[in-house]
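Remarks on the structure that follows.
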Amino acid sequence: MRGQLTEKADVYGFGVVALEIVSGRRNSDSSLEEEKTCLLEWAWHLYESNHAVELADANLSEFNEEEVKQVIGVALLCTQTSPQLRPSMSRAVAMLSGDIEVSSDISRPGYLTDWKLDEVTGFITTDTPTSKDEYSHYSSCTNTSIPTDPDLKPINATRPSLQEDH
């Protein structure tokens, strides 16, 4: 999906923004406890443990719990790994407006289950004795690789990499 502007990429973005609106927080917030840092991972954790309503913004004095569950369900459908599993935008709107049921055929995306982020962090070194160690980190929250050396090219952001490809 990286670099491709498609309707299904927009649907994914809509799902992330919907979660941000419901929760009142950003997609990634390193000031929170580790398990809450990535909004999408935290939303899935709460959804799978039947506590999705806990994702709602704590600053809301009152809200309709069923509507919150509905928005979270649609948002999680919109962020499925495969674009084919994501609803069309018109279908997402129909689910949000209550015209059709929110699909219960939903599963945690592979990019959240295939690896743990802390296991993907590693050091990249070169064979020359004068070189320095460089550090790269992959995050599913931002879906980017962030090299610490500005002269380095980013590694493939669609998959974690512990070594440079030669």
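Using 7 Å Cα-to-Cβ label points, what is the Asp29/Ser104 separation (nm, one decimal)?
Computed distance between label sites Asp29 and Ser104 equals 3.2 nm.
Counting other C-beta atoms within 10 Å, which of Cys38, Cys78 has the fewest, and how do the rest follow?
With the fewest neighbours first, Cys38, Cys78 line up as Cys38, Cys78.
Full extension from Asn50 to Glu65: what is 0.36 nm times the residue separation minus their Cα-Cα distance, to one decimal in nm?
4.2 nm
Taking only C-alpha pairs under 8 Å that are 6+ residues apart, what is the relative contact order of segment 7-97 in percent?
Worked out over segment 7-97, it gives 38 percent.
Just so you know, all these numbers are worked out from the coordinates, no wet-lab data involved. All figures in this text were calculated on a predicted structure; none of them were measured in a lab. Note that each Cβ is placed from the backbone with ideal geometry, even for glycine, and that neighbours are counted across all protein chains shown.
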